[in-house]
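Participant: Could you have a look at this structure, given as structure tokens, before my questions?
The values are calculated or read from the model by the stated rules, or taken from the named source; none is laboratory data. Just so you know, these numbers come straight off a predicted model, no measurement behind them. Positions of Cβ are backbone-derived with ideal geometry, glycine not excepted, and every protein chain shown enters the neighbour counts.
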Amino acid sequence: MALLDFFKTKTLPSSAPVAPIMPEAIYKQGVLELQDVIAPSALKITPREINLGDKIARTFFVMSYPRVLTDSWFAPVINLDRVLDVSIFIHPIDSAEILKKFQKKVAEVQSQIMTREEKGLVRDPILDTAYRDLEDLRDQLQQAQERIFDVAVYITIYGATTEELNKIESELKSMLESRLVYVKPALFQQEQGFKSVLPIGRDELSVHSKLNSSPLSSIFPFVSFDLTSDRGILYGVNRHNASLVLFDRFSLENYNSVVFAKSGSGKSYAMKLEILRTLMFDTEVIVIDPEREYEFLSQAVGGRYFNISLNSEHHINPFDLAPPREDESAADVLRSNIVALVGMFRIMLGGLTPEEDAIIDKAITETYALKDITIDSNFADIEPPLLSDFELVLAGMQGSESLVQRLSKYTKGTWSGFINQATNVDINKKFVVFSVRDMEDDLKPVAMYLITHYIWNTVRKQLKKRLLVIDEAWWMMKSEDTASFLYSMAKRGRKYYLGLATITQDVDDFLKSPYGLPMITNSSLQLLLKQSPTTIDNLQKTFNLSDEEKYLLLESDVGEGIFFAGLKHVAIKVIASYTEDQIITSDPSQVLALRKMRQGASAPAGAPL
């Protein structure tokens, strides 16, 4: 019936034959073509703008340039954080034709200068400058060093409302006028202006300015914030221009990095992605994991996972000694270890008075001597003492009663299983994770200090390219001794080919430490992801951020932020492939779904899940 109704609506002369409508024609009338998909639902053209459905467009043309154009003057427009389109049309002009016009123009200017001289008028610097510029350009044209072009620059901005469009126009004009470049809207020619900006290569507006080669090159449009190197791993995508942010931390002046972000902003996700990609470049990675987020990653890449807790089967003896390297003596190793142990006891015993500090130092030396460990010993063939040996020596020293009492909980009390054991962990693997999630909060700083000290001793044994990742580093920054040890690793790590990556969500605690700012300044790479309003002012001051960058961090989505490398920085978005995402995700809903999937894959056929 619909087809009959279609024929009834047609009015034809009685004598005209009725041509049957073919099914193909009816089919084609209902087919959507490309223009049907991209065309707006409505179009309204006004003298100053064009309404394109739910967007309004306004086109401008550059009408005037200064006498001198500096390099990259157009870059702020390209990098403006607004939706805009730019078209640049360049029409070459025959040099012979332009030289004839130049000859006439030079004669006119020279005539004006001579006329003023004859009348005794004061020299006009504008005419003199114009004469010199014309002569210089004419010489360059004759020598084929320069060419003249008709150049048209059109800019179309977009907004949801007229008010928004006016605001963007004000930003654009102030940005250009500060460089003495002036633009005007294409009044009553918005349709031609919009068509000129479309990527079809038609200059329908035809508003040209004559420019020679040198100033024309300054309009080169592909200049924008770019931060990359010719080798390394992919950290993310530049949000300004979708270019890749590629870097090799081991090619920079130091190999350290810091990551600051609020909880749930993707800081651990970004770090795990870097780890996964770093492992492909023959780099060993060691992680101190306070929240057990890296366990599946270690399983996926065939690494080792150690759970350090009061009930754990994995132990580290703080009295272990690393064999001295070729460039150091046994005395250096022993002295360094004694200093580190004194720092650990300060944390364990809740601080030491100067007298207690001296007693501890002497007791450590005597404990090593009890096992015949001196500066002349071969550390590779000895059995190091335990904490209980140290307690025995300490108990025999005058004025140590309070110290022995405080130490007893680590040797005989609830916490004795944690630290009073021989070392049974081996980190001879490309990827190693130490988890301290199950460790009591009071012991976490001690555990993290102990683990980092053990890792440092291992790193010094053999020179290898390594990356040490400390998640939730604010735990270590709470104590001056742990913060000081972490800072010394950041400063000395380059000598041992070690990169230190610190991650924290508690920015204020990190920066309150006297070692917080030095840690940042000793890190070649810095990544700031989404921040909370309570910490943003402190970060803005520390990193010298502009107000726009401050608001960018407040409004960023998960995995978005600012990436610093030296003095340069760009807005970045961390992007992972599907396979990488399945390995590194920390999203609880995704983790739960993946666990169900793995359980289903491992269950026998017909068995209930």
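Participant: If I filter the range 456-496 down to residues being of a type in the set (Gly, Ala, Ser) and not in a loop (DSSP other than H, G, I, E, B), which single residue comes out as farthest from residue 343 (Cα to Cα)? Can you show your working first?
Facilitator: First pass over the range 456-496, keeping only residues of a type in the set (Gly, Ala, Ser): 473, 479, 483-484, 488, 490, 493.
Narrowing the set further to residues that are not in a loop (DSSP other than H, G, I, E, B) leaves 483-484, 488, 490, 493.
Numbers: 483: 11, 484: 9, 488: 13, 490: 17, 493: 19 Å.
Selected residue: 493.
Participant: Something else: Taking the options 546, 556, name whichever one is surrounded by fewer than 20 Cβ atoms within 10 Å (Cβ to Cβ), of a type in the set (S, T, N, Q) and out of contact with any helix residue (DSSP H, G or I) (no Cβ under 7 Å at 6 or more places or on another chain). Steps first, please.
Facilitator: On the way: 556 fails: surrounded by fewer than 20 Cβ atoms within 10 Å (Cβ to Cβ).
Of 546, 556, the one residue that is surrounded by fewer than 20 Cβ atoms within 10 Å (Cβ to Cβ), of a type in the set (S, T, N, Q) and out of contact with any helix residue (DSSP H, G or I) (no Cβ under 7 Å at 6 or more places or on another chain) is 546.
Participant: For the range 56-107, name all the residues that are among the basic types (Lys, Arg) and outside the structural domain of residue 172 (by TED's automatic domain parsing). Walk me through how you get there before you give the answer.
Facilitator: Here is the first cut: in the range 56-107, the residues among the basic types (Lys, Arg) are 58, 67, 82, 100-101, 104-105.
If the condition is that a residue be among the basic types (Lys, Arg) and outside the structural domain of residue 172 (by TED's automatic domain parsing), then 100, 101, 104, 105 are the ones that fit.
Participant: Let me ask something else about it. Which ones in the range 277-289 are under 20 Å from residue 529 (Cα atoms) and over 17 Å from the mean Cα position of the chain (by Cα)?
Facilitator: Of all residues in the range 277-289, those under 20 Å from residue 529 (Cα atoms) come to 277, 289.
The answer is 289, and nothing else.
Participant: Taking the options 484, 546, name whichever one is at negative phi and not assigned by TED's automatic domain parsing to the domain that holds residue 463.
Facilitator: Values: 484 fails: not assigned by TED's automatic domain parsing to the domain that holds residue 463.
Answer to the check: 546.
Participant: Additional query: Which one of 87, 72 is under 20 Å from residue 198 (Cβ atoms) and not hydrophobic (A, V, I, L, M, F, W, C)?
Facilitator: Details: 72 fails: under 20 Å from residue 198 (Cβ atoms).
Criteria check complete, one pass: 87.
Participant: Tell me whether the range 349-367 contains one or more residues that are within 39 Å of the chain's Cα centre (by Cα) and either buried (at least 16 other Cβ atoms within 10 Å of the Cβ) or modelled with pLDDT under 90 (or both). Don't jump to the end; show me each part of the working.
Facilitator: Looking only at the range 349-367, we keep the residues that are within 39 Å of the chain's Cα centre (by Cα), and these are 350-351.
Subsequent filtering for residues that are either buried (at least 16 other Cβ atoms within 10 Å of the Cβ) or modelled with pLDDT under 90 (or both) retains 350-351.
Yes, the range 349-367 contains at least one residue that is within 39 Å of the chain's Cα centre (by Cα) and either buried (at least 16 other Cβ atoms within 10 Å of the Cβ) or modelled with pLDDT under 90 (or both).
Participant: Next question. Given the condition part of a strand (DSSP E or B), surrounded by fewer than 16 Cβ atoms within 10 Å (Cβ to Cβ), more than 13 Å from the chain's Cα centre (by Cα) and of a type outside the set (Gly, Ala, Ser), answer yes or no: does some residue in the range 220-232 qualify? Quick ask: steps written out before the conclusion?
Facilitator: Going through the range 220-232, the residues part of a strand (DSSP E or B) turn out to be none.
Checked against the condition, which is being part of a strand (DSSP E or B), surrounded by fewer than 16 Cβ atoms within 10 Å (Cβ to Cβ), more than 13 Å from the chain's Cα centre (by Cα) and of a type outside the set (Gly, Ala, Ser), the range 220-232 yields no hits at all.
Participant: Please identify the pairs in which a residue from the range 331-345 that is more than 16 Å from residue 447 (Cα to Cα) has its Cβ atom under 6 Å from the Cβ atom of a residue that is basic (Lys, Arg), counting only partners at least 6 apart or on another chain.
Facilitator: Taking only residues 6 or more apart or on different chains, not a single pair turns up.
Participant: Now, a different point. Does at least one position in the range 142-154 carry a residue that is in contact (Cβ under 8 Å) with a residue 40 or more places away in the chain and within 18 Å of residue 83 (Cα to Cα)?
Facilitator: So far as the range 142-154 goes, yes, one or more of its residues are in contact (Cβ under 8 Å) with a residue 40 or more places away in the chain and within 18 Å of residue 83 (Cα to Cα).
Participant: What about residue 205, is it out of contact with any Cys (no Cβ under 9 Å at 6 or more places or on another chain) and either at pLDDT below 90 or part of a helix (DSSP H, G or I) (or both)? Don't jump to the end; show me each part of the working.
Facilitator: Values: out of contact with any Cys (no Cβ under 9 Å at 6 or more places or on another chain): yes; either at pLDDT below 90 or part of a helix (DSSP H, G or I) (or both): no.
For residue 205, the condition - out of contact with any Cys (no Cβ under 9 Å at 6 or more places or on another chain) and either at pLDDT below 90 or part of a helix (DSSP H, G or I) (or both) - is not met.
Participant: Among the numbered criteria (1) closer than 27 Å to residue 466 by Cβ; (2) touching a residue at least 60 places away in the same chain (Cβ under 8 Å); (3) over 45 Å from the mean Cα position of the chain (by Cα), which single criterion is violated by residue 385?
Facilitator: Here residue 385 meets the rest and fails (1).
Participant: Is it the case, given these coordinates, that residue 373 is under 16 Å from residue 420 (Cα atoms), of a type in the set (Val, Ile, Thr) and either part of a helix (DSSP H, G or I) or at pLDDT below 90 (or both)? I'd like the intermediate steps shown before the answer.
Facilitator: Working: under 16 Å from residue 420 (Cα atoms): no; of a type in the set (Val, Ile, Thr): yes; either part of a helix (DSSP H, G or I) or at pLDDT below 90 (or both): yes.
No.
Participant: If you don't mind, there's one more thing I want to ask. Based on this model, can you work out whether residue 171 counts as outside any helix (DSSP H, G or I), within 42 Å of the chain's Cα centre (by Cα) and touching a residue at least 40 places away in the same chain (Cβ under 8 Å)?
Facilitator: Working: outside any helix (DSSP H, G or I): no; within 42 Å of the chain's Cα centre (by Cα): yes; touching a residue at least 40 places away in the same chain (Cβ under 8 Å): yes.
No: the conditions fail for residue 171.
Participant: If you scan the range 142-187, which residues turn out to be touching a helix residue (DSSP H, G or I) at 6+ places or on another chain (Cβ under 9 Å), buried (at least 19 other Cβ atoms within 10 Å of the Cβ) and more than 21 Å from residue 88 (Cα to Cα)?
Facilitator: Correct list: 159 only.
Participant: In addition: Would you point out the residue of the range 527-543, among those that are within 13 Å of residue 261 (Cα to Cα) and among the hydroxyl-bearing types (Ser, Thr, Tyr), that is surrounded by the fewest Cβ atoms within 10 Å (Cβ to Cβ)?
Facilitator: 534
Participant: Continuing with the same structure: Which of the residues that make up the range 41-82 are in contact with a Gly (Cβ under 8 Å, 6 or more places away or on another chain) and part of a loop (DSSP other than H, G, I, E, B)?
Facilitator: Of everything in the range 41-82, those that are in contact with a Gly (Cβ under 8 Å, 6 or more places away or on another chain) and part of a loop (DSSP other than H, G, I, E, B) turn out to be 41, 42.
Participant: Assess whether residue 392 counts as being surrounded by fewer than 20 Cβ atoms within 10 Å (Cβ to Cβ) and either farther than 30 Å from residue 299 by Cβ or among the aromatic types (Phe, Trp, Tyr) (or both).
Facilitator: Working: surrounded by fewer than 20 Cβ atoms within 10 Å (Cβ to Cβ): yes; either farther than 30 Å from residue 299 by Cβ or among the aromatic types (Phe, Trp, Tyr) (or both): yes.
Yes; evaluated as a whole, the condition is true for this residue.
Participant: Considering 101, 105, 119, which residue is basic (Lys, Arg) and in contact (Cβ under 8 Å) with a residue 24 or more places away in the chain?
Facilitator: Values: 101 fails: in contact (Cβ under 8 Å) with a residue 24 or more places away in the chain; 119 fails: in contact (Cβ under 8 Å) with a residue 24 or more places away in the chain.
Sole residue among the options that is basic (Lys, Arg) and in contact (Cβ under 8 Å) with a residue 24 or more places away in the chain: 105.
Participant: Now a separate question. Only one of 432, 459 is aliphatic (A, V, I, L, M) and without any contact (Cβ under 8 Å) to a residue 40 or more places away in the chain; which? Quick ask: steps written out before the conclusion?
Facilitator: Working: 432 fails: without any contact (Cβ under 8 Å) to a residue 40 or more places away in the chain.
Among 432, 459, only 459 is aliphatic (A, V, I, L, M) and without any contact (Cβ under 8 Å) to a residue 40 or more places away in the chain.
Participant: Here is a further query. Considering only the range 393-412, I want to know if a residue exists there that is free of Cβ contacts under 8 Å to residues at least 40 places away in the same chain, assigned to a helix (DSSP H, G or I) and either under 21 Å from residue 336 (Cα atoms) or assigned by TED's automatic domain parsing to the domain that holds residue 447 (or both).
Facilitator: From the range 393-412, those free of Cβ contacts under 8 Å to residues at least 40 places away in the same chain are 393-398, 401, 404-405, 408-409, 411-412; that's our starting set.
Adding the requirement that they be assigned to a helix (DSSP H, G or I) leaves 393-395, 401, 404-405, 408-409, 411.
Narrowing further to those that are either under 21 Å from residue 336 (Cα atoms) or assigned by TED's automatic domain parsing to the domain that holds residue 447 (or both): 393-394.
Yes, the range 393-412 contains at least one residue that is free of Cβ contacts under 8 Å to residues at least 40 places away in the same chain, assigned to a helix (DSSP H, G or I) and either under 21 Å from residue 336 (Cα atoms) or assigned by TED's automatic domain parsing to the domain that holds residue 447 (or both).
Participant: Assigned by TED's automatic domain parsing to the domain that holds residue 470, more than 19 Å from residue 581 (Cα to Cα) and modelled with pLDDT of 90 or more: is that true of residue 283 in this structure? I'd like the intermediate steps shown before the answer.
Facilitator: Values: assigned by TED's automatic domain parsing to the domain that holds residue 470: yes; more than 19 Å from residue 581 (Cα to Cα): yes; modelled with pLDDT of 90 or more: yes.
Criteria met by residue 283.
Participant: Report yes if some residue within the range 214-229 is β-branched (Val, Ile, Thr), at pLDDT below 90 and within 26 Å of residue 467 (Cα to Cα); otherwise report no.
Facilitator: Taking every residue of the range 214-229 in turn, at least one turns out to be β-branched (Val, Ile, Thr), at pLDDT below 90 and within 26 Å of residue 467 (Cα to Cα).
Participant: Can residue 441 be described as of a type outside the set (Ser, Thr, Tyr), modelled with pLDDT under 90 and either closer than 18 Å to residue 313 by Cα or not assigned by TED's automatic domain parsing to the domain that holds residue 330 (or both)? Explain how you work it out, then say what you get.
Facilitator: Details: of a type outside the set (Ser, Thr, Tyr): yes; modelled with pLDDT under 90: yes; either closer than 18 Å to residue 313 by Cα or not assigned by TED's automatic domain parsing to the domain that holds residue 330 (or both): yes.
So residue 441 passes the test.
Participant: Right, something else. If I filter the range 190-202 for residues that are in the same structural domain as residue 79 (by TED's automatic domain parsing), on the phi < 0 side of the Ramachandran plot, part of a helix (DSSP H, G or I) and charged (D, E, K, R), do I get at least one hit?
Facilitator: Filtering the range 190-202 for residues in the same structural domain as residue 79 (by TED's automatic domain parsing) gives 190-202.
Then drop every residue that is not on the phi < 0 side of the Ramachandran plot, which leaves 190-200, 202.
Now drop any that are not part of a helix (DSSP H, G or I), which leaves 190-197.
Applying the additional criterion that residues be charged (D, E, K, R) yields 191, 195.
Within the range 190-202, one or more residues are in the same structural domain as residue 79 (by TED's automatic domain parsing), on the phi < 0 side of the Ramachandran plot, part of a helix (DSSP H, G or I) and charged (D, E, K, R).
Participant: Same structure again: Among the residues of the range 53-75, which ones are buried (at least 16 other Cβ atoms within 10 Å of the Cβ) and within 26 Å of residue 239 (Cα to Cα)?
Facilitator: Here is the first cut: in the range 53-75, the ones buried (at least 16 other Cβ atoms within 10 Å of the Cβ) are 56-62, 65, 69, 73-75.
56, 57, 58, 59, 60, 73, 74, 75 - these are the residues of the range 53-75 that are buried (at least 16 other Cβ atoms within 10 Å of the Cβ) and within 26 Å of residue 239 (Cα to Cα).
Participant: Further question on the same structure: Select from the range 279-305 the residues that are within 16 Å of residue 446 (Cβ to Cβ) and out of contact with any Lys or Arg (no Cβ under 8 Å at 6 or more places or on another chain) and list them in ascending order.
Facilitator: Within the range 279-305, the first condition is being within 16 Å of residue 446 (Cβ to Cβ), and the residues that meet it are 288, 290.
Selection gives 288 alone.
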